């Protein structure tokens, strides 16, 4: 698995100085939080639009709704 800071395969986070780790965290955390927010919003949208169909009571969403959620993530 590649290093989350530099991307090299033969590296790991602990090989970087504490200053580099803190700088990476300061930049990466807002990005990760934003992505997680978009994913959670998309999940709630799909759960809201889900319909129970058939005898098995499974929930289904339209493919177009799922593609719209994925487009919002990109």
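Only the coordinates and a few stated rules stand behind these numbers; no lab work does. All values derive from a computational prediction rather than experimental measurement. Neighbour counts run over all protein chains shown; Cβ positions are idealised from the backbone, glycine included.
Couple of notes before you dig in:
- Computed over the alpha-carbon pairs of the chain, the distance histogram in 5 Å steps reads 3, 14, 15, 13, 12, 10, 10, 9, 8, 5, 2, 0 percent, short to long.
- Length gained on full extension, residue 57 to residue 29, computed as 0.36 nm times the residue gap minus the Cα-Cα distance: 6.2 nm.
- Which of 24, 48, 60 has the fewest Cβ neighbours within 10 Å, and the rest in rising order: 48, 60, 24
- Straightening the chain between residue 6 and residue 67 buys 18.7 nm, computed as 0.36 nm per residue apart minus the Cα-Cα spacing.
- Ellipticity at 222 nm from helices only: DSSP H runs of n ≥ 4 in the chain, each -39500 (n - 2.57), divided by the residue count, give -20000 deg cm²/dmol.
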